[in-house]
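In what follows, a structure is listed as structure tokens, so that the remarks can point back to it.
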Amino acid sequence: MRRNLVPAVFLVLCLLGTYYSRMGASFVAGEIVTRFIRDGVLTLSLVIPVAAGMGLNFAMVVGSMCAQCGLVMAVDYQVSGPAGLALILAVGLPLSILTGWLIGLCMNRVKGKEMIASIIIGFVATSVYQLVFMTGYGTVITPHNRDMMLSRGVGVRNMIDLAPFRNIVDRLWVVDICGVELPVFMILAVLAVACAVWLVLHSRLGRHFRAVAESGRKARLSGIDVDAVRIKAMILSTMLACLGQVIYAQNIGMLNVYTAHLNSDVFACASLLAGGATIYTAKVRHALLGVLLFHGLFIVSPQAGQNLFSNAALGEYFRSFVAYGAIAFALIMNIRRENLESAGRGR
Amino acid sequence: MLRINDLVKRYGAHKALAGASLCVRPGEIHGLAGLNGSGKTTLLNILFGAIKGGFEGEITLDGRPYAPRSPKEAMARGVGMIHQELSLFNGLTVAENITLTRESGHPLAKRLVGRDFCLERPKDDRARARRALTRLGLSIDPDVPAAGLSLGARQFVEIAREIDKTDLRLLLLDEPTAALSEGDARRLLEVLREFARAGVMVVYVSHRLDEMAALCDAVTALRDGEVAARFSGGCSPEDLAGVMAGKGYSRIRRKTGFASENAEPALEFADFEADAPGERLTGVNLRVGRGEIVGLAGLSGHGKLALAKGAMGLCPVRGELRLFGEPVPAGRPHEMLRRGACLLPEDRRTMGLLPGHSVVENMVLPAAWNTGRFLRRFPGAGLSFLRRRECEAFAEGLIERLGIKCAGPRQRVDQLSGGNQQKVAIARAMALSPRVLFACEPTRGVDIAAKERILALLLSINEERGTSVVMASSELEELSRVCDRTLAAHQGRLAGTLQSGLSERDFALGFARIIEKAAA
Amino acid sequence: MRFDARGLRLDAHIPQLFIIAFLVLLAGAALRLDSPVGLMLGDSLVRLGMNGVLALSLVPMLNVGAGLNFGLPVAISAGLLGMCLAVNCRLRGLPGFFAAIFFACVAGVVLGWLYGRILNRVKGREEIAAAFVGFSFISIMNFFWATAPFSNPAMLWPIGGKGMRPAIGLRGYFAGVLNSLGSFTLFGVTVPTGLLVFFGLLCLGVYLFFRTSLGRAMIATGESEPFARMAGIRVERMRLLGVILSTVIGAVGICVYAQSYGFIELYDAPLMMAFPAASAVLAGGCLGGRALVRHVVLGTYLFQTTYVLSGPVANGLMVPEAAEIIRMLVSNGIILYALIYEGTRRRKHAA
């Protein structure tokens, strides 16, 4: 009962919001499907670090940035279509392995404070990333595509059109049910990633994640290389975030080079928590359910705010309150329970 | 063949091991005897790679040099260990625990996706777990989570984990029978003999001297990090007790008949129960007289430290406690302090001292906060400043009196050695002028000279001011010398009383008898 | 009485060295661009005063062991509320400013008490929880600002007259009252005397407070909770007190900031304000130990001077944004370094 309380609250809010927004059910459903595809993999990328006892990985934005590096490269070399997609992944995934490893090294040095460190890592990485694209392009790196550059010749533009990649894979196998377009291929793709995460959690590595999450000390005594396991968790998470951002960007079709990744961590974390996860346990189904509930609420709340209070801004504020508040609430409740338990256990 | 040559392990200036050597042949069960702090557990942890920071000396295992830096490396050489604090994972099932790091996986999958990403094969794991458990004669369901198992069952699951290892060469056991009933302990010993018959080397640490005398092919007794005696072939529990206690250096002793429990009571416990982190103590009915020194003996985790913490209000309690005839509210350390009770905690680093503060601050702050001593009158209500001269004069006086080696009252306390830190903690207690002092492991981790000085200090506080002292210690010999009477805690209860005036050997034997009777 | 006899440790001073190196680099560039030195020096003093109080507000929480106050938006909201009340009552000049501070303190005590209760529940992980309490409190306050029943039209949207403006001009209320109080110009450097004196008095107050027995009990709580509990100090109460103190000083801090800046900035403006304040204190040398007032003063001055210098330098660069990006990098890099530094120390202690 208690476990399902959070998803239930979100469901009720969603239904109320849908009712007051006076949006058509089919419109809302269509939007939710789109959001599920866009944000599903990003949310899934958080499951593994939680399972490894490292809490919510706000540093997943680094994975998003890796994807954006790939995207910019592909636009720069004007490789379009499936070949472009391959290039994006060929750049993004190795980069995310490297950055994931670095993040893991940091995380091993801040045990117990992983979450706040991951936020700051995200900030630092954002600065580095902005520096590279704002000043590196046109000075150190020679651009091949003048269209994406700012007029002064140095720095990439804020907005890049991703027309060559827009909906390459989105439009595969679209089925229309009662006015709702279902891109079956993409839904299957997200579910396939979900499946992969599930498999990892049930592999040998997954068992080690659980062991490390329960007690690093015991895990070390059991012959597990705790630091290595935690680094692997961060690498996997960063890679999934990279993949997620590729899907996100090609679905939207535009890339806001400097800011597209900025809130992906907060939304993904809030989604995961909305699905019933805590900062100590997360399952694949929490991520999948959470994306539907959280983004459902996200779609309807501005319009509902407009209709209820004749002020759309209130709906906006409500949205950000839901995102931040869900995380704050989960942190407070989870940490408190952990503290009480550890006091009771006497350690 | 395991050979250890001149093993030294330092913690700062303190030597936990000071040149220990021993040799274990295949198929031999080798006992390690010694008091707490004699270096047994340190030795085992070095052999298992569980200690960071390296060591000096030479170890060879099966003819090759052996210096594990992590348990993982130790396991790769066929070394297994069963810990005093159990290391099972509550969130994993019995089968998962038994096969952890040696999981079954499909050979083809291993090739294709690497060992890490191999899916678990619960069926195989379960079969292996069941095979191992059957050899122990146990019928535990391998699919239940380890969280629900009894202490004894958990111990056997750990043994099953070692049985499941095909390449086990050396098995280390740290107090494996401490939590077991008599019957379970006997079965465990039988299993160890089987391991030995299969050619595994077994190193066995226990406080149960009878058990050790009966089981082991050879016994090495450690004292203060050095080998005190070796017995190959038979040895009796009495021999071991005698060697462990040791003799030789000048030692403080309580004047007998100084105080008695029939004096006016300082502390009265009635059906008292304390639930301290890691240990509980229940059913305490005890009167501590004014000026009396009461000892609490017992193995770690059996409740001897819980009494002081409970009485001071630092952990949840039940039952009644009276201090000088008046009942005290539970969970209010400041009330106890204001009424003249004071605690010398066992964990100096996190609890007994403020490591980032100076010697003088450590001495005066609790007294200033609780009694207003050392504070200026103005403006009062917690906002007063310290009277600096008075603080420093007080600190300098105690530094001289207690023989604290430091650069001066302003030196940071974490730069002092363990013994001097403990003296600072005692000075802190003296600043409060306590009428009742709870001392937990007052001599843990300090060298012999400092230990004698600390014991002498406790006696002088007691004799000068008539302070009642409740002293919990793992070191039987110091309790036998200092206390008017000593209570033995076993499995969360006070199991018996040892009177003062016994020789140290009789005292140790008496203690062993009490806990054996309690276990039966 | 100062007992701290710790020797110099290089790795504890890397953030300082780093920010000084950055500063030297900026200063060199600024000099080559012929920037007005006197103006910039005066500007850096103003910035020290206006941001110093916010950085100072982190000290009580750091000392009581509740970590870096990433929930500074809570304190800032209390201050904004106080100022809005004062402006709504049309209080002007110094009395208006002190009325704003009075209201801010009252709001700070109430919010600080609530916030402290929350932080007592998340012991050991205060920083992450505080960050998100702060973020979500901003969105709660956004609701409030959008619907607040204030009546002074200077604060409301000009059209419709409902809801607060995102930036409320303080000209005619108390803009610059402290800055101009007794200010004088010496060698082309304008010294904001009132502002610096006010900041100095607050620093002195905090310094003295932490030498009283109450302040010492708070420091003891921060250094070792088990010790504090054993020494009869009521840990939860000390922590609550520390958080309230931090919140009140933070509320005063935003008032000082706003009077100097000339605007009250509402809505999402305070969202990220905690991070520069945190890195200022860390850059001052507060690493793995108790926070001292001199850390605040030194750190804020160094940190704010990079702001002052990066303006003119940016205009001389081909990519003006680069200066700001590098500043952010330095700022957050310092916080990350501090986290890693303390984590490594904990690891060593555990081994």
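Computed values, structure above
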{"item": "Alpha-carbon centroids, region A:263-288 and region A:192-235: separation in whole Å", "result": "18 Å"}
{"item": "Number of partner chain Cβ atoms within 10 Å, mean per residue of B:403-411", "result": "1"}
{"item": "Sulfur and carbon atoms: percent of accessible area, region A:2-342 [1.4 Å]", "result": "66 percent"}
{"item": "Rh by Kirkwood over Cα pairs, then Stokes-Einstein D for chain B at 0.890 mPa s and 25 °C, µm²/s", "result": "98 µm²/s"}
{"item": "In Å², nearest 10: area of A:Tyr280 left accessible to a 1.4 Å probe", "result": "80 Å²"}
{"item": "Chains B and C together, accessible area buried on both sides, 1.4 angstrom probe, square angstrom", "result": "2800 Å²"}
{"item": "Bins of 20 Å, starting at 0 and running to the largest distance - Cα pair percent for region C:5-350", "result": "30, 58, 12, 0"}
{"item": "For residues of C:63-71, the mean tally of beta carbons on other chains within 10 Å", "result": "1"}
{"item": "Members of A:Lys218/B:Lys423; A:Lys113/A:Lys218; A:Lys111/B:Lys423; B:Lys304/B:Lys405; B:Lys40/B:Lys451 lying beyond 29 Å, as alpha-carbon distances in this model show", "result": "A:Lys218/B:Lys423; A:Lys111/B:Lys423; B:Lys304/B:Lys405"}
{"item": "1.4 Å probe accessible area per residue over the protein assembly as shown, in Å²", "result": "39 Å²"}
{"item": "Sites B:Arg197 and B:Ala518 - FRET efficiency at Förster radius 35 Å, r taken between beta-carbons, to 0.05", "result": "0.65"}
{"item": "Percentage relative contact order, chain B, counting C-alpha pairs under 8 Å, at least six apart", "result": "15 percent"}
{"item": "Longest DSSP-loop-exposure-free segment, chymotrypsin sites (Phe, Trp or Tyr not before Pro), chain B, at most 15 other Cβ within 10 Å", "result": "B:259-520"}
{"item": "Hz values of 3J(HN,Hα) by residue in region C:339-344 - Karplus curve (6.51, -1.76, 1.60), Gly and Pro given as x", "result": "4, 5, 4, 5, x, 5"}
{"item": "Nonlocal amide H pairs with B:Ile82, under 5 Å, H built at 1.01 Å", "result": "B:Leu172, B:Leu173, B:Asp174"}
{"item": "For residues of C:208-215, the mean tally of beta carbons on other chains within 10 Å", "result": "5"}
{"item": "Label point distance in nm, B:Ala67-B:Arg349, each placed 7 Å from Cα along Cα→Cβ", "result": "2.4 nm"}
{"item": "Area of A:Arg35 that stays accessible when all protein chains are in place (1.4 Å probe, Å², to 10)", "result": "50 Å²"}
{"item": "Summed buried accessible area for A+C [probe radius 1.4 Å, Å², rounded to 100]", "result": "4000 Å²"}
{"item": "Kirkwood Rh, Cα atoms: Rg over Rh of region A:2-342", "result": "0.98"}
{"item": "Share, in percent, of DSSP beta bridges within the protein assembly as shown that are antiparallel, nearest 5", "result": "65 percent"}
{"item": "Cα-only Debye scattering, region B:90-146: base-10 log of I(q)/I(0) at q = 0.15, 0.16, 0.21, 0.24 Å⁻¹", "result": "-0.44, -0.49, -0.75, -0.89"}
{"item": "Coordinate range along principal axes, alpha carbons of region B:49-175, Å, largest first", "result": "44, 41, 24"}
{"item": "Region B:398-429-region B:283-343 distance, computed between alpha-carbon centres (Å)", "result": "26 Å"}
{"item": "Heavy-atom accessible area, 1.4 Å probe, ligands and nucleic acids excluded: residues of region B:41-69 down by at least 50 Å² from chain alone", "result": "B:Lys52"}
{"item": "Highest average packing first - C:196-206, C:130-140, C:107-117, Cβ atoms within 10 Å", "result": "C:130-140, C:107-117, C:196-206"}
{"item": "Average projected area [Cα convex hull, the protein assembly as shown], square nanometres", "result": "50.9 nm²"}
{"item": "Residues losing 50 Å² or more accessible surface upon assembly, region C:328-348, compared with the chain by itself, 1.4 Å", "result": "C:Leu329, C:Asn332, C:Leu336, C:Leu339, C:Ile340, C:Arg346, C:Arg347"}
{"item": "Projected label distance in nm at C:Lys348 and B:Ala456, using a 7 Å step from Cα toward the beta-carbon", "result": "3.6 nm"}
{"item": "Helix-derived mean residue ellipticity, 222 nm - over the protein assembly as shown, DSSP H n ≥ 4, -39500 (n - 2.57), to 500", "result": "-18000 deg cm²/dmol"}
{"item": "Charge-dipole axis of the protein assembly as shown as Lys and Arg at +1 and Asp and Glu at -1 on Cβ define it, positive-most pick from C:Ile101, B:Ala16, B:Leu188", "result": "C:Ile101"}
{"item": "Sulfur and carbon atoms: percent of accessible area, region C:128-200 [1.4 Å]", "result": "70 percent"}
{"item": "Alpha-carbon centroids, region C:158-236 and region A:21-56: separation in whole Å", "result": "43 Å"}
{"item": "For A:Met65, solvent-accessible area (1.4 Å; no DNA, RNA or ligand), Å²", "result": "10 Å²"}
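The values are calculated or read from the model by the stated rules, or taken from the named source; none is laboratory data. Model, not experiment: these values are computed from the prediction. Using ideal geometry, Cβ is built from the backbone for each residue, glycine included, and neighbour counts are taken over all protein chains shown. Surface areas here come from the heavy atoms of the whole protein model, side chains and all, with no ligands, DNA or RNA. Shrake-Rupley method; radii C 1.70, N 1.55, O 1.52, S 1.80 Å.
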